[in-house]
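**Q** Next up is a structure, given as structure tokens.
The values are calculated or read from the model by the stated rules, or taken from the named source; none is laboratory data. Just so it is clear, the structure is predicted and the values come from calculations on it, not from any experiment. Please note: Cβ atoms are built from the backbone with ideal geometry, for glycine as well, and neighbour counts cover all protein chains shown.
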Amino acid sequence: MQGHNDDTAKQGRIIAITIAVAGVLAIAAPWLREVLGLAPKYEILFYLISLAAFIWSLVVTWKLWQKTRS
């Protein structure tokens, strides 16, 4: 397939790892807050960080897909 090389494979792996870490962070946010003894506002911060990572992954995935289409 045209447009596929080691660089796109590496970028795809980075996207996959980012999605996985963001998902784990979102699931573990309540537990992390409790274990670390943080205020509830930090749980919201963990969720916002996860959301930002998901949005970043979506944008980069879209760009990668557009790059490999041509």
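**Q** Filter region 36-70 down to residues that are within 23 Å of ALA16 (Cβ to Cβ) and within 17 Å of the chain's Cα centre (by Cα), then give me how many there are.
**A** Of the residues in region 36-70, 20 are within 23 Å of ALA16 (Cβ to Cβ) and within 17 Å of the chain's Cα centre (by Cα).
**Q** Next question. Does region 34-44 contain any residue that is under 29 Å from LYS10 (Cβ atoms) and of a type in the set (Ser, Thr, Tyr)?
**A** Our first condition is that a residue be under 29 Å from LYS10 (Cβ atoms); within region 34-44, this holds for none.
Within region 34-44, not a single residue is under 29 Å from LYS10 (Cβ atoms) and of a type in the set (Ser, Thr, Tyr).
Per-residue answers, yes or no, for (1) touching a residue at least 60 places away in the same chain (Cβ under 8 Å); (2) closer than 27 Å to ASP6 by Cα; (3) touching a strand residue (DSSP E or B) at 6+ places or on another chain (Cβ under 6 Å); (4) surrounded by fewer than 12 Cβ atoms within 10 Å (Cβ to Cβ):
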site	(1), (2), (3), (4)
VAL35	no, no, no, yes
THR61	no, yes, no, no
LEU64	no, yes, no, no
LYS67	yes, yes, no, no
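**Q** For region 2-49, which positions are among the small types (Gly, Ala, Ser), in contact with a helix residue (DSSP H, G or I) (Cβ under 6 Å, 6 or more places away or on another chain) and modelled with pLDDT of 95 or more? Explain how you work it out, then say what you get.
**A** The initial filter retains those residues of region 2-49 that are among the small types (Gly, Ala, Ser), namely 3, 9, 12, 16, 20, 22-23, 26, 28-29, 37, 39.
Adding the requirement that they be in contact with a helix residue (DSSP H, G or I) (Cβ under 6 Å, 6 or more places away or on another chain) leaves 3, 22, 26, 29.
Result: ALA22, ALA26, ALA29.
**Q** So which residues in region 1-33 are in contact (Cβ under 8 Å) with a residue 24 or more places away in the chain, assigned to a helix (DSSP H, G or I) and of a type in the set (Gly, Ala, Ser)?
**A** GLY12, ALA22, GLY23, ALA26
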